[in-house]
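Encoded as structure tokens, here's the structure I'll be asking about.
The values are calculated or read from the model by the stated rules, or taken from the named source; none is laboratory data. What you see is a predicted model; the values in this text were computed from it and never measured. Virtual Cβ from ideal backbone geometry, glycine too; neighbours counted across all protein chains shown. Areas reflect the complete protein model, heavy atoms only, side chains present, ligands, DNA and RNA absent. Shrake-Rupley method; radii C 1.70, N 1.55, O 1.52, S 1.80 Å.
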Amino acid sequence: SKLAALFKHPLYNIPIPEVTEKDKLFVVNPMEKFSLRSSGSDEWISSSKAETLLPTGKTAYDTYPSWLKFHVGINRYELYPRQDPLMPILLQDLATQRIVSSVQKSGGTQLKLIMTFPNYGQALFKPMKQTRDQETPVDFFYFSDFERHNAEIAAFHLDRILDFRRIPPVSGRLVNITKEIRDITTDKKLAKTFFISPAGNVCFYGECSYYCSTEHALCGKPDRLEGSMAALLPDKTLAKRRSWRSPWRRSYHKSKKAEWELNPNYCAQVRETPPYDRGHRLLDLIDMAVLDFLMGNMDRHHYETFEKFGNDTFLLHLDNGRGFGTHSRDEPSILAPLRQCCSIKKSTYLRLQLLATQPYRLSDLLREALATDPLAPVLAEPHLRALDRRLGKVLGVVGRCLAG
């Protein structure tokens, strides 16, 4: 396994700083067993106040379901550890756990559902909108592109291979529209949008600002529908997140350009603006630009951080559905932060160089990682080959910076 060899490589075993109590998102008393409130609410409370609904293990931690272990493991430096024994279990849960509730997620331009499992875990379901081999039409603006369920799955694995580990775990899943959405939804607005198509397939379209209409309905075969299931982050009432507007945000306008597209010295003013004037925030943003360039994602207008950790923490790479839309052309403007600032973390640069070598070729690693997903093959071959070409271009930009 190339993937196993990669994760054993010294560059993937650089220790993170020591994690103190204040560096953990949640501080949990290890002696306190936690159980679900039996009233049916999705709160976790200590078992001294309620009957335990889960089999007790040797320690309190053993009683937690996988999603809660994931939440408890989040710290200032990483969303999840590199060699995480929990990851296969959590991905398996996302793919197989019984769905007890499906409701539409409010906001956004496209239909997304929040699905709840019997142990109160929750996942964000993005349904399949287009097939693996369809490319985004050349005349489409980035902001009118579809979100792709397979891009969400591939982005999680790519982010992990790059050793960023800033995307919550995502698994593919085949959902039964009738039994796992229509029959169990309590969302009245969503319930009104189900119909049977002329071909006899079960369809629905939900309510949202762009693609929620009969013409853009999602139809099963006859009621089976592919989608991505992303583990939800802790509720914002428990772990506040801050949303930051990206300095390299696009204009989201058909003819207007953003300032960074017009001013070649734009990075100089970003470097003087908090929070980019100190710490590693700018370098983290450049990591994110590298990830986005590799998958062709032009839709990175904001990013988030956990408020508890202030400015000294990693960026969350959320919402990657507009990646992997085209393999036949690259979008050099995504690399503007790297090109204009001529800065990159040494560790990132060394890993990118490693992923360009034969034993650790990026396309081979991602192909291997995606082969275990329930919806494999997740990406068409041309998308995997495009990664190696794009990686060469990233290294070319860094090389020019070093030579300059």
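If you check Asp388 against the conditions, is it without any contact (Cβ under 8 Å) to a residue 40 or more places away in the chain, outside any loop (DSSP other than H, G, I, E, B), within 29 Å of Thr131 (Cβ to Cβ) and not β-branched (Val, Ile, Thr)?
yes
With respect to Tyr211, determine if the residue is under 23 Å from Ala123 (Cα atoms), of a type outside the set (Asp, Glu), open to solvent by less than 40 Å² (accessible area, probe 1.4 Å) and modelled with pLDDT under 95.
So Tyr211 passes the test.
Considering each of Leu233, Leu218 in turn, give the residue that is touching a residue at least 40 places away in the same chain (Cβ under 8 Å), buried (at least 20 other Cβ atoms within 10 Å of the Cβ) and more than 18 Å from the chain's Cα centre (by Cα).
Leu218
If only one of Arg249, Arg224 is surrounded by 13 or more Cβ atoms within 10 Å (Cβ to Cβ), of a type in the set (D, E, K, R), in the same structural domain as Lys105 (by the TED database) and touching a residue at least 24 places away in the same chain (Cβ under 8 Å), which one is it? Spell out how you get there, then give the answer.
On the way: Arg249 fails: in the same structural domain as Lys105 (by the TED database).
So the residue among Arg249, Arg224 that is surrounded by 13 or more Cβ atoms within 10 Å (Cβ to Cβ), of a type in the set (D, E, K, R), in the same structural domain as Lys105 (by the TED database) and touching a residue at least 24 places away in the same chain (Cβ under 8 Å) is Arg224.
Suppose we filter Lys33, Lys69, Lys49, Lys58 for residues that are within 21 Å of Met87 (Cβ to Cβ), out of contact with any His (no Cβ under 9 Å at 6 or more places or on another chain) and at pLDDT below 95; which single one remains? Talk me through it step by step, then tell me what you get.
Working: Lys33 fails: within 21 Å of Met87 (Cβ to Cβ); Lys49 fails: within 21 Å of Met87 (Cβ to Cβ); Lys58 fails: within 21 Å of Met87 (Cβ to Cβ).
After ruling out the rest, the residue left standing is Lys69.
Name the single residue that is nearest to Phe7 (Cα to Cα) among those in segment 93-105 being within 18 Å of the chain's Cα centre (by Cα) and without any contact (Cβ under 8 Å) to a residue 60 or more places away in the chain.
Selected residue: Asp93.
Also, quick follow-up: Please determine, by comparing only the residues of segment 300-345 that are in contact with a helix residue (DSSP H, G or I) (Cβ under 6 Å, 6 or more places away or on another chain) and among the charged types (D, E, K, R), which one is most open to solvent (accessible area, probe 1.4 Å).
That would be Arg339.
Follow-up question, since we're still on this one. Can you name the residue in segment 266-296 that is farther than 14 Å from Thr313 by Cα and aromatic (Phe, Trp, Tyr) and, of all such residues, is surrounded by the most Cβ atoms within 10 Å (Cβ to Cβ)?
Phe293
Now for a different question. For segment 151-172, what are the residues that are open to solvent by 10 Å² or more (accessible area, probe 1.4 Å) and under 17 Å from Ala380 (Cβ atoms)?
Result: Glu152, His157.
Residue check: is Ile99 surrounded by fewer than 22 Cβ atoms within 10 Å (Cβ to Cβ), not in a loop (DSSP other than H, G, I, E, B) and not assigned by the TED database to the domain that holds Asn320?
No; evaluated as a whole, the condition is false for this residue.
Determine which single condition Phe143 fails, assuming it passes every other condition in (1) part of a helix (DSSP H, G or I); (2) under 22 Å from Met288 (Cα atoms); (3) in contact with a strand residue (DSSP E or B) (Cβ under 9 Å, 6 or more places away or on another chain); (4) at pLDDT below 95.
Evaluating Phe143 over (1) part of a helix (DSSP H, G or I); (2) under 22 Å from Met288 (Cα atoms); (3) in contact with a strand residue (DSSP E or B) (Cβ under 9 Å, 6 or more places away or on another chain); (4) at pLDDT below 95 leaves (3) as the failure.
Among the candidates Asp93, Asp133, single out the residue that is at pLDDT 95 or above, acidic (Asp, Glu) and open to solvent by 10 Å² or more (accessible area, probe 1.4 Å). Step through it out loud before you land on a result.
Values: Asp133 fails: at pLDDT 95 or above.
Result of the check over Asp93, Asp133: Asp93.
For segment 359-378, enumerate the residues that are open to solvent by 40 Å² or more (accessible area, probe 1.4 Å) and either among the acidic types (Asp, Glu) or in contact with a helix residue (DSSP H, G or I) (Cβ under 9 Å, 6 or more places away or on another chain) (or both).
Hits for segment 359-378 are Pro359, Tyr360, Arg361, Arg367, Glu368, Thr372, Pro374, Ala376, Pro377.
Let me spell it out: the conditions are (1) outside any loop (DSSP other than H, G, I, E, B); (2) closer than 19 Å to Ile161 by Cα, and Ala336 meets all of them except one. Which number is the exception?
Every listed condition holds for Ala336 apart from (2).
Would segment 173-196 turn up any residue that is of a type in the set (Lys, Arg), within 17 Å of Thr109 (Cβ to Cβ) and either open to solvent by 40 Å² or more (accessible area, probe 1.4 Å) or within 22 Å of the chain's Cα centre (by Cα) (or both)?
Yes: one or more hits.
Where the second residue is open to solvent by 40 Å² or more (accessible area, probe 1.4 Å) and not in a loop (DSSP other than H, G, I, E, B) and the first is outside the structural domain of Asp287 (by the TED database) and under 18 Å from Ala403 (Cα atoms) and lies in segment 337-365, which pairs have Cβ atoms under 6 Å and are six or more apart or on separate chains?
Qualifying pairs under 6 Å: none.
Would you kindly identify the strands (runs of 3 or more DSSP E) lying entirely within segment 163-279 that contain at least 2 residues that are closer than 20 Å to Asn150 by Cβ? Give the derivation first.
Details: elements: 170-176, 202-204, 224-231, 241-245.
Filter on segment 163-279 gives 170-176, 224-231.
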